[in-house]
Amino acid sequence: MKAWGGRFKGKTEPLMERFSASIGFDWILYEYDLEGSKAHAEMLHKIGILNEKERELIVNALEEMKREIREGEFTFSSSLEDIHMHIEARLIEKAGEIGKKLHTGRSRNDQVALDMRMFLKKELGEIEILLRSVLHSFIARAEKEKKTIMPGYTHMQRAQVITFAHYLLAYYQMLKRDLERIGQVVRTVDVLPLGSGAIAGSTIPLDREFIREKLNFSAISENSMDTIADRDFVLESIYSIAMVMTHLSRLAEDLIIFSTQEFAFVSLPDELCTGSSLMPHKKNPDSLELIRGKTSRVIGDLFSLFSLVKGLPLTYNRDLQEDKEPLFHAVNTVKDVLSIVELCIRGMSVNRGRMKEAVYESFMPAVEMAEYLTLKGIPFRRAHAIVGKLVRDCEDKGKRLRDLKVEDLRAYSEAFDKDIIEHIDPFIILSNRKTKGAASFEEVERQIAAEKRYLNS
């Protein structure tokens, strides 16, 4: 008979059993369910519900189940619905009537909340480690590219000269925020739900503080109804993961573009690319394209959970069974993607010559020309118009700024002097950037040093 079968006359429809079963995915939580059950047994012993012999029998049986599941000796069945019922049924098989005592003061409602919080504490910790490793790879690559000049883009048009290091540090900052955001989510997750029961707590004097210490939670939930109904911690977890994925998807898009023959700024590691079944010359950035594609699915995970909880009345509803697959998918995806990105950043080759060439063949120093005129006393809007006309004429005549002499420039403004030639040299431009956080060589050095201290702290 099912754990809840006393209320019912007949058997459950087989289709209903298959339809309602979650064991196909929530078996992943078995370690956490077993650990939570052991802690609950220890607590029941402490308050006198279990004697020492009963406690030992239950704990040993739970440990044996862990081995059975790990070694593939455990039988799963849709008739037992979920991982909680599987473990309870097997416990009763092993321990007899004593096994029926374990669920005292506990509901599957607070049990599943516990399992998911324990799962997330572990998984978010692993994501933090992977993120830190990726951040280290960005810093290592930035150090190598401190003097590598390249175009920076707005609207996908060449805008201003930067270094490849400065570009990498931009993504570093995005991912650093992601790391700190996940750290904040971990604190949200780190709250013990067990002891809330099905909705209203228990008349049995459960020692929640004992459980908290046993399972290494930082706090105990305050309201039993909120504890059972709450999936904020899952939403925040998937949101933080979706942000990581979004940032990495933007990076992937950049590197796909930069690795084209038209740009040829970088070449991706062969081991992260695939070829064509027809075209022998192809080297396709499939790993990066899949990052873009998988990001859409993770964002979908987030929205599916928002849709799931938006209209649920308090407290627990079976709808919440559907929170696990999106969470598991998001967690597994971001871990794989972070590993791929680290391999890419560390292994890609940089075509420094092509990046430099792209700088020198562009009109990007036009900004600094306008600022030069401004420093000579010409209002910026007037200076902007002067340089704009100069650029247009160069385009019409097929010339570059570097082809012009001082005499040519004075045709547009007498304020131009011989020092303008040096002023618009890309390396001089980068040396002259004054503001904190700018793309100057000095600021890039400062940023790298500061972030090294951060990562090693």
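The values are calculated or read from the model by the stated rules, or taken from the named source; none is laboratory data. Since we're looking at a predicted model, the values are computed, not measured. Backbone-built Cβ (ideal geometry, glycine too); neighbour counts: all protein chains shown.
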Original post:
Hey, among G353, G311, which residue is out of contact with any Ser or Thr (no Cβ under 8 Å at 6 or more places or on another chain) and farther than 30 Å from M118 by Cβ?
Top reply: G353
Original post:
Do we find that S196 is among the small types (G, A, S), buried (at least 18 other Cβ atoms within 10 Å of the Cβ) and part of a helix (DSSP H, G or I) in this structure?
Top reply: no
Subject >> Condition check for S218: modelled with pLDDT of 95 or more, out of contact with any His (no Cβ under 9 Å at 6 or more places or on another chain), surrounded by fewer than 16 Cβ atoms within 10 Å (Cβ to Cβ) and in the same structural domain as M118 (by TED's automatic domain parsing) >> reply: yes
Original post:
Restricting region 300-319 to residues that are in a loop (DSSP other than H, G, I, E, B) and of a type in the set (A, V, I, L, M, F, W, C), which is surrounded by the most Cβ atoms within 10 Å (Cβ to Cβ)?
Top reply: L312
**OP:** Can you work out which of the residues in region 156-187 that are surrounded by 17 or more Cβ atoms within 10 Å (Cβ to Cβ) and touching a Phe, Trp or Tyr at 6+ places or on another chain (Cβ under 6 Å) is farthest from R352 (Cα to Cα)?
**Re:** Y172
Original post:
Which condition does I204 not pass, out of (1) within 19 Å of the chain's Cα centre (by Cα); (2) β-branched (V, I, T); (3) surrounded by fewer than 22 Cβ atoms within 10 Å (Cβ to Cβ), if it passes all the others?
Top reply: (1)
**OP:** Sort out which residues of region 310-346 are hydrophobic (A, V, I, L, M, F, W, C) and within 22 Å of the chain's Cα centre (by Cα), and write them in order of number.
**Re:** L327, F328, A330, V331, V334, V337, L338, I340, V341, L343, C344, I345
**OP:** Residue by residue through region 14-61, note down the ones that are assigned to a loop (DSSP other than H, G, I, E, B), surrounded by 15 or more Cβ atoms within 10 Å (Cβ to Cβ) and among the polar types (S, T, N, Q).
**Re:** S22
**OP:** Taking the options E68, E93, name whichever one is touching a Phe, Trp or Tyr at 6+ places or on another chain (Cβ under 8 Å) and without any contact (Cβ under 8 Å) to a residue 24 or more places away in the chain.
**Re:** E68
Original post:
Among S133, S79, which is touching a residue at least 24 places away in the same chain (Cβ under 8 Å), in the same structural domain as S218 (by TED's automatic domain parsing), assigned to a helix (DSSP H, G or I) and of a type in the set (G, A, S)?
Top reply: S133
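Condition check ((1) outside any helix (DSSP H, G or I); (2) more than 19 Å from G293 (Cβ to Cβ)) across all residues:
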residue: E222; (1), (2): yes, yes
residue: Y239; (1), (2): no, yes
residue: V244; (1), (2): no, no
residue: R250; (1), (2): no, no
residue: E253; (1), (2): no, no
residue: Q261; (1), (2): yes, yes
residue: A264; (1), (2): yes, yes
residue: S276; (1), (2): yes, no
